[in-house]
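> Quick one: the structure is below, and I'll ask about it shortly.
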Amino acid sequence: PLIAVLNGPNLNMLGLRQPDVYGHATLDDLEQVCLQAAERLDVTIDFRQTNIEGELVTWIQECRGRADGIVINPAAYSHTSIALLDALLAVGLPTVEVHISNVFRRETFRHHSYVSRAAIGVMAGFGVRGYALALQALTDMIEDEDQ
Ligand code: DQA
C-alpha cells in the first residue's frame, strides 16, 4: 500500500516553532518517524509539506487512483479550509487527520476542524508519535477492507 503523508503550513518550522507546544523534533525528524513506521508496517509513504493551501488541494487530488490512504496534518488550514475538506471528499480515500498538539487543550478556534468531516479519525496530542499511530491505524483499516 501507498500512503500519502501530507503536512500543511508552518510545519517546516518544527523544532524552532513553539517547542513547548510542538516539541523539538524537526520536519526531517518527523519524516524519519514516518519512514520507520512505514518500514515496520510494510507500506510505502510519500511524505510532503507545503505552506500553500492550493498545493495541498492538488496533492490530495493526485492521490486519487494512486494512493491507498492519506495521513494529513492540515495545520492551521484544518480550522479554515472548506477546499481541503472538499478535496478529501472528492477523492474518498481513507484518511486520518493528525495534530501534534492536543488542539482541544488550546484556543477554542482550534477545536473545530473542517477536515475532520472527511477523516476516519483524528490523532491529536501525541507529538510526532501521532503520525506513527495514524499510519498504523490507517494500515490496519486498509488491510481489513481488502479482506
Ligand atoms: C497543528 C495544530 C493547529 O492548530 C496549528 O495551526 C498547527 C499545527 C498541530 O499539529 O498541532 O499549525 O495542526
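> Over all directions, what mean area does the Cα convex hull of the stretch 1-119 project, stated in square nanometres?
Average projection, Cα convex hull of the stretch 1-119: 6.9 nm².
> Grab the Cα-Cα distance for D146 and I120, subtract it from 0.36 nm times how many residues apart they are, and report the gain in nm with one decimal.
Result for the pair: 7.7 nm of gain on full extension.
> Across the stretch 113-128, in residue order, what do the Karplus-derived ³J(HN,Hα) couplings come to in whole Hz, using 6.51 cos²θ - 1.76 cosθ + 1.60 with θ = phi - 60° and x for Gly and Pro?
10, 4, 4, 4, 5, 9, 9, 5, x, 10, 10, 9, x, 9, x, 5
> At 7 Å along Cα-to-Cβ for each site, give me the label-to-label distance between H112 and N12 in nm.
Here the modelled spin labels are 3.0 nm apart.
> Another question about this same structure. What list do you get for Y114, Y77 if you sort them by fewest beta carbons within 10 Å? Could the numbers behind the result be given before it?
Numbers: Y114 18, Y77 22.
By the 10 Å Cβ count, ascending, the order reads Y114, Y77.
> Can you sort L16, L84 from fewest to most other Cβ atoms within 10 Å of each residue's own Cβ? Present the calculation step by step, with values, prior to reporting the outcome.
Details: L16 10, L84 24.
Placing the least packed residue first, the sequence is L16, L84.
> For each of T95, T58, count neighbouring Cβ atoms within 10 Å of the residue's Cβ, then give the residues from fewest to most.
Fewest-to-most ranking of T95, T58: T58, T95.
> Taking 0.36 nm per intervening residue step and subtracting the Cα-Cα distance, what contour gain separates T80 from N51 on full extension? Before the final figure, lay out each step's value.
Working: separation 29, 0.36 × 29 = 10.44 nm, distance 1.40 nm.
The span from T80 to N51 would gain 9.0 nm if fully extended.
> May I ask you to derive the FRET efficiency for A90 and R40 from their Cβ-Cβ distance with R0 = 35 Å, giving the value to the nearest 0.05?
0.70
Quick note: the coordinates plus some simple rules give every number you see, no bench work behind them. If you're wondering where the values come from, they're calculated on a predicted model, not measured in any experiment. Don't worry about glycine lacking a Cβ; one is built from the backbone with ideal geometry, like all the others, and counts go over all protein chains shown.
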